[in-house]
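The values are calculated or read from the model by the stated rules, or taken from the named source; none is laboratory data. Owing to the predicted nature of the structure, the values given are computational and were not obtained by experimental measurement. Neighbour counts run over all protein chains shown; Cβ positions are idealised from the backbone, glycine included. SASA here: full protein model, heavy atoms, side chains in, ligands and nucleic acids out. Shrake-Rupley method; radii C 1.70, N 1.55, O 1.52, S 1.80 Å.
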Amino acid sequence: MGTIRFREVGKIYPGKEPVVALDRVNLEIGEGEFVALLGPSGCGKSTLLNLVAGFEDMTSGTLSFNGGPVSSPGPERAVVFQEAALLPWLTVAQNIAFGPTVQRRGRAEYEPKIRELLRLVGLERFADALPSQLSGGMRQRVGIARALVMDPKALLMDEPFGALDAQTRMSMHQLLLDVWQSLGTTVLFVTHDIDEAILLADRICIMSARPGRITREIAVELRRPRSVEQLTDPAFIRHKAEIMAEIRAAQKEHA
Amino acid sequence: MNDAPARTMAAAPRPAPAKAMGRGAGFAAGRSRAALRAVLLPIAIIAAWQLAGTNGSLAGGVLPTPDRVWDAWVMWAFGPKGMGLNPYSGTWLDNVLFSAGRVAQGFVLAMIVGIPAGIMIGWSRAVSGTVDPTIQLLRPIPITAWLPFSIAVFGIQDMGAVFLIALGGFYPIVVNATHGARDVDRNWIRAARMMGASRFEVLRRVVLPAALPAIFTGLRIGLGIAWTAVIVSEMVAVKSGLGYVLWDAYYVGRMDVVIADMLSIGAMGLLSDWLIVTVEHWVLRWRRLQTATR
Ligand SMILES: Nc1ncnc2c1ncn2[C@@H]1O[C@H](COP(=O)(O)OP(=O)(O)OP(=O)(O)O)[C@@H](O)[C@H]1O
Ligand SMILES: [Mg+2]
């Protein structure tokens, strides 16, 4: 199970001038669903994701994960960070083993699994390398392997490929699509890249800023299993036009 | 899986070791030239000092020339013990060990208290709020000002010196450890928590390693202060060690021994700093690899 449910969720960052980051957000994500959050910088995408991750507390409303409240971070809700956030003093294999180690799982149980994950993300030869010896794309693959080793019920990804070049990004998209297709984990994916959102997600939630809220939900009708070739699909182009129109309308409203 | 990841993999840099071997003969030659340049000035100073002296002394007979200092040092180090005429003969090693032993004790004490305290102050706002103001209040008091206090409490004994050394070393260690623990990347902590690490595990496996570079900076500064502290307290509050000999030799007009003693202190400071840097190099080897490949 990996369902996420937001009910009238609000988040205000206190301070001299309090920031209303989220305002009455309603969102339901089903088991195994791939949902993309799309919106301009500062609209509250990270805030929304951090609430599910348990990194932040909400100000109002209710948020439930698998029917229960979210009180703190946990391995069932694995997070993939934008800059990977690997621990630089640990090797690739040690970074992936961090979760199982602190959870006191047996070495015999997780070691074969780490080897398998390294193969999955194409890094078997780099098990003993340090993060600083890897390229950005390779680091991000370690970040994904580190999340998957915990058998999470949901993957929370905050602009995970935002810092990568176009080519690397495309190979990461394919990797993520393949992984998701075989595992069926629930995914909440934050991005401000329209193409990325359409290519990956079952459903796109478009957010607007000040106050941050979800203005529109669009179901993506591209056949599965997907591949990066579908970027030129007529259905893809149609969705893109629809989303761009929506964003332009939102901008006009604010101006 | 498809072939896309393999493509990026081939284009990416291989793990490092080849890097270090790439340094050829030119590198070694450059190094020995740098070493030569470094000893030039000391040699010139010693030569000028020697030439300026007449009859083995200068500055109106107060300062001995380098050869006199050297003779005194050899006698102090290797001369027979217990000869009435020269009380310093053969006592060099004993005194070096007295001082080094006190520095070691005081410094270990400073580390044992300073590192955990600094980590906790940097980590917890509550600890910071209760402990940090007191530390900041006491820190401006120079360790020399603590001397009478230390003698009154511990008497003319080892403990007095060890107390001063520990106190002097404690401040830079705690301050740097605090900074190190405070500046830990927030996402490293979040990642660890997300992977199921308890608060204690986060401290041990994320905050401590992340703070180590700053902690080592503190240790190096602290050790320098520890040597200052041991000399000062031996001059006043203990009857052995390099600091005691320094003051005693001055009193009886043995400037040759005074200068030999000063140079001994410098050498010990250099040696202990080298020891810390060596440990630091080993503990933080992940950082060296990092800068080598960037
Ligand atoms: N810790 C914080 N304290 C105060 N304000 C914050 C904090 N974090 C975020 N904010 C504010 O909340 C709003 C939403 O921030 P958030 O990071 O969720 O946006 P975002 O959609 O993820 O933006 P980006 O695409 O740039 O990452 C912004 O106005 C931001 O300035
Ligand atoms: Mg963000």
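Classify segment A:38-174 as rounded, prolate or oblate, taking a ≥ b ≥ c as the square roots of the eigenvalues of its Cα gyration tensor: rounded when a/c is under 1.5, otherwise prolate if a/b is larger than b/c and oblate if not.
On the way: a/c = 2.25, a/b = 1.29, b/c = 1.74.
Oblate.
Between their Cα atoms, which of A:Lys45/A:Lys113; A:Lys113/A:Lys240; A:Lys11/A:Lys252; A:Lys45/A:Lys252; A:Lys153/A:Lys252; A:Lys11/A:Lys113 are more than 27 Å away from each other?
The answer is A:Lys45/A:Lys113; A:Lys113/A:Lys240; A:Lys153/A:Lys252; A:Lys11/A:Lys113.
What does the accessible area of A:Asp158 come to, in Å² to the nearest 10, when a probe of 1.4 Å is used?
Accessible area of A:Asp158: about 30 Å².
Grab the other residues whose beta carbon is less than 14 angstrom from that of A:Glu253, score K and R as +1, D and E as -1, and report the net.
On the way: positive: A:Arg210, A:Arg213, A:Arg216, A:Arg248, A:Lys252; negative: A:Glu246.
Taking every other residue near A:Glu253 into account, the sum is +4.
What's the local net charge at B:Ala72, with K and R +1, D and E -1, over the other residues with C-beta under 12 Å away?
Details: positive: B:Arg68, B:Arg254; negative: B:Asp67, B:Asp71, B:Asp256, B:Asp261.
After counting each charged neighbour, the total is -2.
Mind checking how much accessible area A and B bury in total, 1.4 Å probe, in Å² rounded to 100? Each step should come with its number before you reach the end.
Details: alone 12540 and 18030 Å², together 27240 Å².
About 3300 Å² of accessible surface is lost on pairing.
As an exercise, take the mean of 1/r over every pair of distinct alpha carbons in segment B:73-292, invert it, and state the Kirkwood radius in angstroms. Show your work: numbers first, answer last.
Details: mean 1/r = 0.0522 Å⁻¹.
Computed over segment B:73-292, the radius equals 19.2 Å.
How far is it, in nm, from the label point at B:Ile112 to the one at A:Arg104 when both lie 7 Å from their Cα along the line to the Cβ?
It works out to 2.8 nm between the two label points.
Would you mind checking which residues have amide H under 5 Å from A:Thr215's amide H? H placed 1.01 Å from N; only 5 or more apart, or other chain.
The list, which skips near neighbours in sequence, is A:Ile206, A:Met207, A:Ser208.
Determine the per residue accessible area of the protein assembly as shown with all protein chains present and a 1.4 angstrom probe, expressed in square angstrom.
50 Å²
So how much slack lies between A:Glu111 and A:Gln167, counting 0.36 nm per residue of separation and subtracting their Cα-Cα distance, in nm? All intermediate terms of the calculation are to be shown ahead of the outcome.
Details: separation 56, 0.36 × 56 = 20.16 nm, distance 3.13 nm.
Contour length minus the Cα-Cα distance gives 17.0 nm.
Would you please state which residues of segment A:54-70 a label at A:Glu76 would reach in this model, taking the label point 7 Å out along Cα→Cβ and a backbone N cut-off of under 17 Å?
Residues A:54-55, A:63-70 qualify, since their backbone N sits under 17 Å from the label point.
Using only the heavy atoms of the protein chains and a 1.4 Å probe, how would A:Val102, B:Val283 rank by accessible area, largest first?
Working: A:Val102 15, B:Val283 50 Å².
Ranked from most to least accessible, the order is B:Val283, A:Val102.
With viscosity set to 1.002 mPa s and temperature to 20 °C, compute the Stokes-Einstein D of chain A, Rh being the Kirkwood radius across alpha carbon pairs; µm²/s, no decimals. Don't skip to the answer; put the middle values down first.
Working: Rh = 18.9 Å.
It comes out at roughly 113 µm²/s.
Taking the convex hull of the alpha carbon atoms in segment A:86-151, what volume per residue do you get, in Å³? Working shown, then result.
On the way: hull volume 4.8 nm³, N = 66.
Cα-based convex hull of segment A:86-151, divided per residue, equals 73 Å³.
Can you give the FRET efficiency for A:Arg5 and A:Glu253, using 1/(1 + (r/R0)^6), R0 = 30 Å, r = Cβ-Cβ distance, to the nearest 0.05?
Working: r = 28 Å, r/R0 = 0.92.
Plugging the Cβ-Cβ distance into 1/(1 + (r/R0)^6) gives 0.60.
Which value in deg cm²/dmol, rounded to the nearest 500, describes the helix-derived mean residue ellipticity at 222 nm for chain B, given -39,500 (n - 2.57) per DSSP H run of n ≥ 4 and division by the residue count? Provide the component values of the computation, followed by the final result.
On the way: 14 runs with 222 residues, N = 294.
One gets -25000 deg cm²/dmol as the mean residue ellipticity at 222 nm.
Give the ranking of B:Met268, B:Met262, A:Met58 by solvent-accessible surface, highest area first, calculated with a 1.4 Å probe.
On the way: B:Met268 35, B:Met262 110, A:Met58 65 Å².
In descending accessible area the options line up as B:Met262, A:Met58, B:Met268.
Return one quarter of the surface area of the convex hull spanned by the alpha-carbon atoms of the protein assembly as shown, equal to its mean projected area, in nm².
On the way: hull surface 141.8 nm².
For the protein assembly as shown, the mean projected area of the Cα convex hull comes to 35.4 nm².
Keeping every protein chain in place, order B:Ile156, A:Ile204 by accessible area at 1.4 Å, biggest value first, i.e. largest first.
Details: B:Ile156 95, A:Ile204 0 Å².
These residues rank, largest area first, as B:Ile156, A:Ile204.
Which one of A:Leu130, A:Leu90, A:Val187 is farthest out on the positive end of the charge dipole of chain A, using unit charges on Cβ (Lys, Arg +1; Asp, Glu -1) and the Cα centre as origin?
The listed residue farthest towards the positive side: A:Leu90.
Report the local net charge at A:Leu90: Lys and Arg +1, Asp and Glu -1, summed over other residues whose C-beta lies under 14 Å from its C-beta.
Values: positive: A:Arg139, A:Arg146, B:Arg204, B:Arg205, B:Arg285, B:Arg287; negative: A:Asp128, B:Asp185, B:Glu201.
Net charge in that neighbourhood comes out at +3.
Just to be sure I understand: of the beta bridges DSSP finds with both ends in the protein assembly as shown, what percent are antiparallel, rounded to 5? Could the numbers behind the result be given before it?
Details: 23 of 41 bridges.
Of those bridges, close to 55 percent are antiparallel.
Can you list residues whose amide H is under 5 Å from A:Val187's amide H, if they're 5+ apart or on another chain and H is modeled 1.01 Å from N?
The answer is A:Glu33, A:Phe34, A:Val35, A:Leu155.
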